[in-house]
Every structure is written in C-alpha cells, then in structure tokens.
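*Asks:* Sending over a structure as structure tokens; questions will come in a sec.
The values are calculated or read from the model by the stated rules, or taken from the named source; none is laboratory data. Note that this is a predicted model, so its numbers are computed, not measured. Quick reminder, even Gly has a Cβ in these numbers, built from the backbone with ideal geometry, and neighbours come from all protein chains shown.
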Amino acid sequence: MNHHIAPIPCKPWALNGLPDRLIVSHYENNYGAAVRSLNAIRDRLASIDLAAVPSHDIRALKQEELVATGSVILHELYFGSLGLGSSGFSGDGKIPDSVSFALQQFGGVAAWRREFVALAQALSGRSGWVLLSYSRRDGRLHNQIAFDDSQAMMDAVPVLALDMYEHAYHLEFGANATAYIDAFMRNIDWAAVGNRLLEATGDRASPRVNSTGDALPSISVEELATQLAMGKRVQVLDARPRHYFSRATDMMEGATWRDPERVDEWCEELSADAPVAVYCAYGFHVGCGVTAALRERGFDARYVEGGLSAWYGMGGARSLPSASQGKLPPN
C-alpha cells in the first residue's frame with residue numbers, strides 16, 4: 001500500500017527565524033522525494049518473486065525500504081514539531097506540565113535543552129537526526145542521534161525530531177548550523193510534543209482544536225491525481241490569495257485561478273454537474289473557506305488536503321500561469 005503525502009502541519013509563514021522558503025522547499029523536495037522513493041521501493045517489492053530473487057537483492061531492497069520509511073516518518077515528525085501551537089493542538093508555545101515534569105530527569109528543561117543542542121551541534125556539517133524519544137522499556141525520555149534515517153532506539157517512541165541533514169538548513173543558513181538549531185528551538189510546538197508523549201505513555205492526549213476544514217469534505221492529492229489521470233471531469237481551482245498568486249511562478253497543471261475574496265462574482269462560471277477541487281498554498285483556511293462558500297451555493301466542492309505544496313511534494317505536474325491568469329483583474 002502506497003504512503004500518502006501528509007499535509008504540512010505547521011504554517012510556514014508563521015515561524016520565527018525559519019523562512020517559509022526553507023520550510024516549503026524542505027517539505028516539497030526532500031520529504032516529497034522520500035515518500036516517492038518509499039512507494040517506488042514497495043512497488044518493486046510487490047512485483048518480484050522473492051523465491052526467485054537473489055538474497056543480496058532482497059537484503060538491498062529491504063534496507064532501502066527501512067531507510068526510506070525512516071526518512072518519511074522522521075520528516076513528518078519534524079514538520080509536526082514546529083509551529084508554536086499552530087499544529088491544531090491547544091497550546092501557546094509553553095511547555096505542558098507533563099513534558100516539563102518528564103524533562104526533570106535531565107535536571108530540568110534548561111539542562112535537557114543544553115544536551116539536545118549539544119547533540120545537534122555535534123552533527124554540524126554531517127548528516128543525521130536528533131531525537132527526543134520515550135522508552136517504553138524504562139519509562140524515561142532519551143536524547144539520541146540517529147544516522148541514516150533508521151538507527152533509532154528499539155522500543156522507543158520519538159516525540160521530537162530535529163533534522164540535521166544539510167538540506168534542512170543550507171538553503172538559508174549556509175554552514176551556520178548553530179543559527180538553524182537556535183531557530184528550531186524557538187519554534188518547537190510543545191503542545192504537539194506533549195500530546196505525543198501522552199500517547200506514548202498510554203495516557204489520553206488532548207483533543208485537537210476544531211479547524212475550518214474539520215467538517216468539510218476533502219480530497220487527497222493522490223485521489224485527485226488518480227481522478228485526473230482517469231480522465232474524470234474535475235474543476236480544479238487555485239484559490240491562493242491575490243497577493244500570493246501575483247508572485248507565483250507556477251500552479252497546478254490544468255487549474256484555474258480565482259480570487260478567493262470574489263466567490264460571488266465567478267461562481268456562476270462553474271458547472272454544477274462536475275465536482276470542484278479547491279486548493280490554496282498549504283490546505284489551511286483559504287482553500288477551506290472557498291470550499292465552504294461553494295458548497296453553500298450548491299456545488300460539490302472539496303478542499304485539497306495539504307494544498308499546492310502537497311501536490312508538488314507528491315510530484316504532481318505544474319505549469320506556468322496562463323497569460324489571462326497572470327493578468328489579474330483590478331481590485
């Protein structure tokens with residue numbers, strides 16, 4: 001079974017000191033490549049007769065699958081570790097009491113931070129991950145370095161992940177890994193970490209805060225790609241805000257841009273007989289808002305989970321905005 005792209009959980013433009021260009025490139029290019037690689041490896045494994053394949057080929061494929069799986073999972077944890085509470089959990093960036101209490105085993109939050117940062121700095125210029133993991137064996141938290149996307153503690157659940165591969169920071173920070181580490185530490189979504197810790201210990205996690213899209217029908221980028229490949233008629237709308245689209249260099253192939261603030265002016269151009277797929281940049285409030293407005297007007301509209309960024313991460317086709325779309329109507 002193929003692994004689907006997970007919508008980016010943090011809001012890239014809202015992070016402190018981690019430029020959205022860096023986060024979006026990391027998500028679309030590196031995380032997206034890991035998902036595509038994992039799916040290709042699994043397709044290859046599913047297509048071969050293991051009884052007829054040399055043992056060294058099986059070992060190589062299973063090792064590649066392990067590394068690709070680790071990369072996918074750790075990247076999803078990394079993006080889910082960012083956001084100062086923006087991941088959809090209740091929280092304001094403060095460390096929950098449950099996490100603060102657990103970190104006392106290091107001598108307190110400050111002592112834990114010094115150790116975690118020291119491990120990250122030890123990876124400066126090298127490749128690996130720094131993880132805070134909960135061990136079910138001894139019931140304690142552990143800081144660890146994981147190499148090759150796969151060397152994690154056995155019987156442990158990572159609750160926080162810092163990507164120290166150069167692709168995670170070189171685009172904006174160059175060789176200054178220390179500045180990147182500092183920026184990451186400022187942007188930890190401690191509410192999400194706390195919920196992962198509660199889940200790891202078997203306690204009940206805090207409920208997610210209802211978001212705009214919770215009650216709306218949605219479609220994954222994989223489902224949308226399949227429908228389009230089968231030739232199904234789907235009206236794909238790019239609903240990125242005017243100021244955002246005016247600076248865009250590309251868009252989803254076959255999509256049409258429409259101003260999300262002028263739904264009443266253009267909705268009559270849509271066909272009531274074909275479903276509508278609405279995307280914004282990352283699948284947050286803009287796309288959901290347009291979807292809700294269209295559904296109120298009787299259209300079978302769904303928002304695209306993860307937005308355009310998830311589409312690119314999946315490897316979806318892109319195109320340049322057409323001349324008519326590039327020339328925006330006056331305000």
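*Asks:* For residues that are closer than 21 Å to L198 by Cβ, in contact (Cβ under 8 Å) with a residue 24 or more places away in the chain and outside any helix (DSSP H, G or I), scanning just the stretch 110-138, find the one that is nearest to the chain's Cα centre (by Cα).
*Replies:* Residue satisfying both the conditions and the ranking: L131.
*Asks:* In addition: At pLDDT 95 or above, in the same structural domain as Y169 (by TED's automatic domain parsing) and either in contact with an Asp or Glu (Cβ under 7 Å, 6 or more places away or on another chain) or within 23 Å of A183 (Cβ to Cβ) (or both): which single residue out of G93, G88, G80 fits that description?
*Replies:* Details: G93 fails: at pLDDT 95 or above; G88 fails: at pLDDT 95 or above.
So the residue among G93, G88, G80 that is at pLDDT 95 or above, in the same structural domain as Y169 (by TED's automatic domain parsing) and either in contact with an Asp or Glu (Cβ under 7 Å, 6 or more places away or on another chain) or within 23 Å of A183 (Cβ to Cβ) (or both) is G80.
*Asks:* Of the numbered conditions (1) part of a loop (DSSP other than H, G, I, E, B); (2) over 18 Å from I5 (Cβ atoms); (3) modelled with pLDDT of 95 or more, P329 satisfies every one except a single condition; which is it?
*Replies:* Of everything listed in (1) part of a loop (DSSP other than H, G, I, E, B); (2) over 18 Å from I5 (Cβ atoms); (3) modelled with pLDDT of 95 or more, P329 misses just condition (3).
*Asks:* Based on what the data block shows, is L224 closer than 22 Å to G313 by Cβ, modelled with pLDDT of 95 or more and part of a helix (DSSP H, G or I)?
*Replies:* On the way: closer than 22 Å to G313 by Cβ: yes; modelled with pLDDT of 95 or more: yes; part of a helix (DSSP H, G or I): yes.
Spelling it out, L224 is indeed closer than 22 Å to G313 by Cβ, modelled with pLDDT of 95 or more and part of a helix (DSSP H, G or I).
*Asks:* Name every residue in the stretch 158-171 that is surrounded by fewer than 18 Cβ atoms within 10 Å (Cβ to Cβ) and either without any contact (Cβ under 8 Å) to a residue 24 or more places away in the chain or within 23 Å of V99 (Cβ to Cβ) (or both), in order of residue number.
*Replies:* H170 - this is the single residue of the stretch 158-171 that is surrounded by fewer than 18 Cβ atoms within 10 Å (Cβ to Cβ) and either without any contact (Cβ under 8 Å) to a residue 24 or more places away in the chain or within 23 Å of V99 (Cβ to Cβ) (or both).
*Asks:* Please determine whether any residue of the stretch 2-25 is free of Cβ contacts under 8 Å to residues at least 40 places away in the same chain, among the charged types (D, E, K, R) and in a helix (DSSP H, G or I). Walk me through how you get there before you give the answer.
*Replies:* To start, the set of residues in the stretch 2-25 that are free of Cβ contacts under 8 Å to residues at least 40 places away in the same chain comprises 13, 20.
Adding the requirement that they be among the charged types (D, E, K, R) leaves 20.
Subsequent filtering for residues that are in a helix (DSSP H, G or I) retains 20.
Yes, that holds for at least one residue.
*Asks:* So which residues in the stretch 281-308 are within 17 Å of the chain's Cα centre (by Cα) and surrounded by fewer than 24 Cβ atoms within 10 Å (Cβ to Cβ), if there are any at all?
*Replies:* F284, H285, E305
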